[in-house]
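Novice: First the structure, which I've put down as structure tokens, then a few questions once you've had a look.
Only the coordinates and a few stated rules stand behind these numbers; no lab work does. What you see is a predicted model, and the numbers here were worked out from it, not measured in a lab. Methodologically, a virtual Cβ is constructed for each residue, glycine included, from the backbone with ideal geometry; neighbour enumeration extends over all protein chains shown.
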């Protein structure tokens, strides 16, 4: 809806248009657009109001159809329309005010000063002088603001100054009574580049990318949410080809300064984002040679290592402090998931989520050897990579501590999951156990950043020190094969469990086992 009105403190009539609700984010949240009609005559104002009503309706229709994104050609067209409007405004002024020769000479001098100022700004590349003027023009045209340091913005400023020179030169001639044919609008649009193909929305490309490049179930939700956080940082959804390198840097700054994540995490998120844009270009969703907004932004591996906290294994003395604590021993009855997951990480070299997600069907006997299977076939189960799927013998120390009795008790209750007490959260099943373990370390005086639940898994160092073969150690821990021979010719599923058992049993923690048995608990009192 558009209206004509005369503000109480103004002499000229104003045009006012109501911005459709869905388009208001493109206008900085404004609900109305005002425009001075530069006349106190109501009849003239009505005519100009009709012209502006038609312009705003065309603009609203354009934005509803194409959204916030416009190409460089679109920006050039907006600049041309802006200059045409300035010339038209001056023509209206000359028609309404018949100036004498002296007054016209003053107007010529003032216009020449503006022209010289524009030429000086352009020759010195001082785009900062007109930055606000250009941003205002873009907002009025329904376009998103551009990064003042970006190349697209500098191009827009250069085109604006060139068009302004043309407009002011024409204005000087008209004040001197010289009128020449002048093409308007499209004539000021550079014809050197063909129209840019409209690209799909970022959200649409993201959805297709996640379908064709599925992540493990445990991490899929986290990855999707991080992609959506990037969308929020850049100001919302829009065509993917309109996203700039400057916005990639803004996302990096957001990770570092607002969220304060580690350099390693920053690198992970930026590499993942870069992968999306690389895939989008291959699918022809962005133009060939499109500058990947995240490429080159991840911190170097050297910087990541400098800022990273390296997890280390526990010493024998530290392991005793962890497992002999009354607080830990009490968890066997109070919170068995905490107790057994910690021990699975130690004796089975499991990742914490691998232990927490175990189903009872994953635990059994094969070739006469008690074993457990790490898999992603069950509900809410996931593995880190293909090499993480494995069947491994159950360590004799766990059997001695009654782990198989706990398994049978869960079966007798009709459970399907081993640790049915743990709900599945965004970060999986084991997140709460990891947090509890960190608090437990504080209680036993081991408040060191490099000591976490994952430190128990670093028992792999014991395997290597005790002469466990490399390929057996990799199969026990779920690491991908490191040699070409093992990658191509070795079939892990054919490896006898007895060979894996022999390798696993090289790793023993007799002092820990002693304090965890009833005899050990009695002696420790």
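Novice: From the alpha carbon gyration tensor of segment 104-172, can you work out the equivalent ellipsoid semi-axes (sqrt of 5 times each eigenvalue) and give them in Å, largest to smallest?
Specialist: Square roots of five times the eigenvalues give 24, 13, 9 Å.
Novice: Next up: With each label point set 7 Å from Cα along the Cα-Cβ vector, what nm distance links residue 256 and residue 380?
Specialist: 3.8 nm
Novice: Per the Debye formula with a single identical scatterer at each Cα and no solvent contribution, what log10 I(q)/I(0) holds for segment 202-307 at q = 0.12, 0.15, 0.17, 0.23 Å⁻¹?
Specialist: These q points yield log10 I(q)/I(0) values of -0.39, -0.61, -0.79, -1.38.
Novice: I need the shape label for segment 259-360. Rule: rounded when a/c is under 1.5, else prolate if a/b > b/c, else oblate, with a, b, c from the alpha carbon gyration tensor.
Specialist: prolate
Novice: Follow-up question, since we're still on this one. Quick check: the distance between the Cα centres of segment 276-307 and segment 360-386, to the nearest angstrom?
Specialist: Each part's Cα centre sits 36 Å from the other's.
Novice: Using only Cα atoms, figure out Rg for segment 316-524 and give it as a multiple of 2.2 N^0.38 Å.
Specialist: Values: Rg = 16.7 Å, N = 209, 2.2 N^0.38 = 16.8 Å.
In units of the globular-protein estimate, segment 316-524 measures up at 1.00.
Novice: In addition: How far apart, in nanometres, would the label points at residue 99 and residue 158 be if each is projected 7 angstrom from Cα along the Cα-to-Cβ direction?
Specialist: Label at residue 99, label at residue 158, 3.3 nm between them.
Novice: At residue 421 and residue 43, where each label point lies 7 Å from the Cα along Cα→Cβ, what is the point-to-point distance in nanometres?
Specialist: 9.0 nm
Novice: What per residue convex hull volume, in Å³, comes out for the chain when only alpha-carbon positions are used?
Specialist: 223 Å³
Novice: For the chain, calculate the relative contact order in percent as a whole number, restricting contacts to Cα pairs under 8 Å that are 6 or more residues apart.
Specialist: In percent, rounded to a whole number, it is 11.
Novice: Sort 240-248, 103-111 for me by packing, meaning the mean count of neighbouring Cβ atoms within 10 Å per residue, highest on top.
Specialist: 240-248, 103-111
Novice: Let me ask something else. Round to the nearest 0.05 the FRET efficiency obtained for residue 224 and residue 30 when R0 = 35 Å and r is the Cβ-Cβ distance.
Specialist: Working from the Cβ atoms, E equals 0.60.
Novice: Work out how much length residue 12 to residue 498 would gain on full extension: take 0.36 nm times their residue separation and subtract the Cα-Cα distance, in nm to one decimal.
Specialist: The span from residue 12 to residue 498 would gain 165.6 nm if fully extended.
Novice: Counting only Cα, what are the radius of gyration and maximum Cα-Cα distance Dmax of segment 440-482, in Å?
Specialist: Expressed in Å, the Cα Rg and Dmax of segment 440-482 come to 13.6, 39.
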